[in-house]
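Data first, discussion second: the structure below is written as structure tokens.
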Amino acid sequence: MGRGRKPLAKEVHERNGSYVKNPKRRPKKSPTPPKGWPEPTELVKADPKALEKWNDTCEILDECGVLSKADSNLLELFCINHSMYFALVKKVSTIGMVSEEVDQSGNVVAKRSPWQGELNKIADRQMKLLSEFGLTPSSRTRIQTVKETEEESAFEKWVNRGGLN
């Protein structure tokens, strides 16, 4: 049974004008996470591959204006999964995706590596986490930034409208 669509953030409702039509729908006490880079967790610090991914991801999210200090738990999960993914890729590349085994009746049977199954699970989990951070093309269109955008100058507005033409 489906749960329906994910709820939209209050910023999306603000921009859509939902609260203009019905101001009582505006949430009274919704939290605003603090902006900035979260501190890497001890688990991430202990894994060099995860720490590298933490710094890369924080830099990208900060440039996009969507990073907040409240993201540390989700970032930890993302970075540890990333590290596990690469470890499993190495494991699968050395032992192969398929192994040959002999069944009870003496026939040679090709069997999928259990490591390949785990690799697929982690890849699926990574895709979901990428979407949460807006790091896929489709999810990028659904996120709202926390970064202040610079206002366009009067000259830039004039040029964008066509200038003298």
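How long, wide and thick is the range 35-84, going by the Cα atoms along their three principal axes, in whole angstroms, largest first?
That works out to 27, 16, 13 Å along the principal axes.
Just from its helices, what would the mean residue ellipticity at 222 nm be for the chain, if runs of 4 or more DSSP H residues each count -39500 (n - 2.57) and the sum is divided by every residue, rounded to the nearest 500 deg cm²/dmol?
-16000 deg cm²/dmol
Listed here are the pairs LYS6/LYS29; LYS53/LYS91; LYS69/LYS90; LYS6/LYS121; LYS28/LYS53; which of them are more than 29 Å apart at the Cα?
LYS69/LYS90; LYS28/LYS53
If you look at just the Cα atoms of the range 36-141, how large are its Rg and its Dmax in Å?
17.9, 62
Under the Karplus relation 6.51 cos²θ - 1.76 cosθ + 1.60, θ = phi - 60°, what is the ordered set of whole-Hz ³J(HN,Hα) values for the range 107-123, x standing for Gly and Pro?
7, 7, 10, 7, 10, 5, 5, x, 5, 5, x, 5, 4, 5, 4, 5, 4
All of the numbers you see were taken from the coordinates with simple rules; none came from a lab. This one's a predicted model, so the numbers in the text were calculated from it and none came from an experiment.
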